[in-house]
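Before any comments, here is the structure.
No value in this document is a laboratory result; all are computed from the given coordinates. Computed from a predicted structure; not experimentally measured. Cβ: placed from backbone, ideal geometry, glycine included. Neighbour counts: every protein chain shown.
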Amino acid sequence: MVKHWSILQINKFLNELGYRHSIKREHILKVLFKEPLDALGIKSLILEKYNINISLTTIYKQLATLEKIDVVYSEKDEFSEKKIYKLKRTSKQNTLVCLTCKRIIEVNTACVDDLVKNMSNKRNFLVLEYSLNLYGYCKECNNGSKITSGK
Ligand SMILES: [Zn+2]
């Protein structure tokens with residue numbers, strides 16, 4: 001599957017690159033996790049949600065940093081001509097892990113993405129990260145026999 005960075009992963013990455021931790025940056029990331037926004041939108045949402053007033057200059061500076069390290073990218077909105085910032089997705093896949101040969105098989109889990117999105121909407125729960133790893137035996141290790149799971 002394709003999944004977002006978690007804020008924890010981004011912070012770790014920034015730290016490894018020598019950037020100091022910033023609460024303001026963390027707020028920017030938090031609102032971008034929810035939806036793509038332009039700088040002004042980010043500013044007003046942070047003000048609304050966290051009651052913190054961050055100057056546009058700071059927001060642009062932080063966004064430039066996040067763009068530079070490839071965590072965020074921007075696109076011009078066709079209609080409003082505004083620059084919209086989006087969180088970049090990593091290419092991390094969900095996997096099938098064979099317990100015998102330790103082979104890791106990446107799987108396409110668009111349906112799991114949908115399920116998570118669905119649950120998230122239903123429960124009004126902001127999902128930042130999830131992973132799905134299924135452990136078992138691959139075809140070779142299972143002597144090529146047909147697998148019937150459950151009943
Ligand atoms: Zn195997």
Mind giving me the FRET efficiency for LYS88 and ASN142? R0 is 30 Å, r the Cβ-Cβ distance, nearest 0.05 is fine. 0.20
Please provide three numbers in whole Å: the alpha-carbon extents of the chain along the principal axes, with the largest listed first. 62, 37, 30
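In Å, what Kirkwood hydrodynamic radius results for region 93-136 from the alpha-carbon pair distances?
Computed over region 93-136, the radius equals 11.7 Å.
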Dipole check, the chain, charges on Cβ (K,R +1; D,E -1), about Cα centroid: among LEU45, TYR135, LEU56 the Cα furthest to the positive pole belongs to TYR135
Under 9 Å from the Cβ of LYS83, count the other residues' Cβ atoms, weight Lys and Arg +1, Asp and Glu -1, and hand me the total. -2
Quick one: among ASN124, ASN53, ASN108, which has the greatest mean-square fluctuation in a GNM of the chain with alpha-carbon springs under 10 angstrom? ASN124
Hits in region 105-135: amide N under 14 Å from the 7 Å Cα→Cβ extension of ILE7, namely 126-129
Given 97-104, 40-47, the highest-first ranking by average Cβ count within 10 Å works out to 40-47, 97-104
Determine the dipole magnitude for the chain: charges of +1 sit on the beta-carbon of Lys and Arg, -1 on that of Asp and Glu, nothing else is charged, the reference point is the Cα centre, and the result goes in debye to the nearest 20. 380
Under the Cβ-under-4.7 Å rule, which cysteines of the chain stay unpaired? CYS101, CYS111, CYS141
